[in-house]
Amino acid sequence: MQPISGDVFPPEYKSFPFKEGDLLSSQGRDGKYSVSKVLRVDHVTVKKGASINIQGQVFVAPEDDFLLIISSAHGKPEFGSIEEAQAAANTGAWSIAIGHIPNRAPGAAYGKTLVGHRPVQEDELTGYKQWKAAFDRGAAGVF
């Protein structure tokens with residue numbers, strides 16, 4: 001395990017410009033746009049001596065600190081423009097590629113534009129609940 005020195009988590013891990021239910025769009029490498037939905041924003045406290053798995057590396061906190069973990073459903077890159085993605089977000093006509101991804105705040109926000117909002121429904125949280133149970137046991141990490 002690799003200890004974390006100084007302030008445990010950088011400031012960009014502690015804030016997120018979007019909220020649960022926000023629909024975000026981003027452009028992929030192929031030029032197509034996708035829609036993603038913020039499912040949960042968890043404020044996670046990591047106590048001194050506790051470990052957390054971030055991008056496959058286990059870090060041990062030298063002091064108490066926190067970070068935000070953003071859980072999102074990610075859509076397929078299926079739109080030719082951000083306007084098309086926004087129209088699809090507003091009508092619910094976008095396709096989910098991955099039902100749940102837990103990410104650090106900077107990664108979850110990178111390249112994203114707010115294109116709508118729809119409240120999170122209970123049936124959208126299946127993957128999140130499975131991940132959260134594993135995360136709480138120390139058996140899952142964050143990207």
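The values are calculated or read from the model by the stated rules, or taken from the named source; none is laboratory data. Small disclaimer: the values here were computed from a predicted structure and weren't measured. Reconstructed Cβ throughout: ideal geometry from the backbone, glycine too, with neighbour counts over all protein chains shown. Keep in mind that these areas ignore ligands, DNA and RNA; they rest on the heavy atoms of the full protein, side chains included. Shrake-Rupley method; radii C 1.70, N 1.55, O 1.52, S 1.80 Å.
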Among (1) touching a residue at least 40 places away in the same chain (Cβ under 8 Å); (2) charged (D, E, K, R); (3) surrounded by fewer than 18 Cβ atoms within 10 Å (Cβ to Cβ), the one test that LYS132 misses: (3)
Test: PRO62 is surrounded by fewer than 20 Cβ atoms within 10 Å (Cβ to Cβ), assigned to a loop (DSSP other than H, G, I, E, B) and either of a type outside the set (D, E, K, R) or more than 19 Å from the chain's Cα centre (by Cα) (or both): yes
Qualifying residue in the range 67-89 (condition: of a type in the set (Asp, Glu), surrounded by 16 or more Cβ atoms within 10 Å (Cβ to Cβ), out of contact with any Lys or Arg (no Cβ under 8 Å at 6 or more places or on another chain) and farther than 20 Å from PHE135 by Cβ): yes
Subset of the range 117-127 (residues that are surrounded by 15 or more Cβ atoms within 10 Å (Cβ to Cβ) and more than 29 Å from ILE52 (Cβ to Cβ)): HIS117
Single residue of the range 38-59 satisfying the filter (under 16 Å from the mean Cα position of the chain (by Cα) and open to solvent by 70 Å² or more (accessible area, probe 1.4 Å)) that is modelled with the highest pLDDT: HIS43
Top-ranked residue of the range 91-116 - restricted to ones that are in contact (Cβ under 8 Å) with a residue 40 or more places away in the chain and over 20 Å from VAL142 (Cβ atoms), ranked as surrounded by the fewest Cβ atoms within 10 Å (Cβ to Cβ): THR113
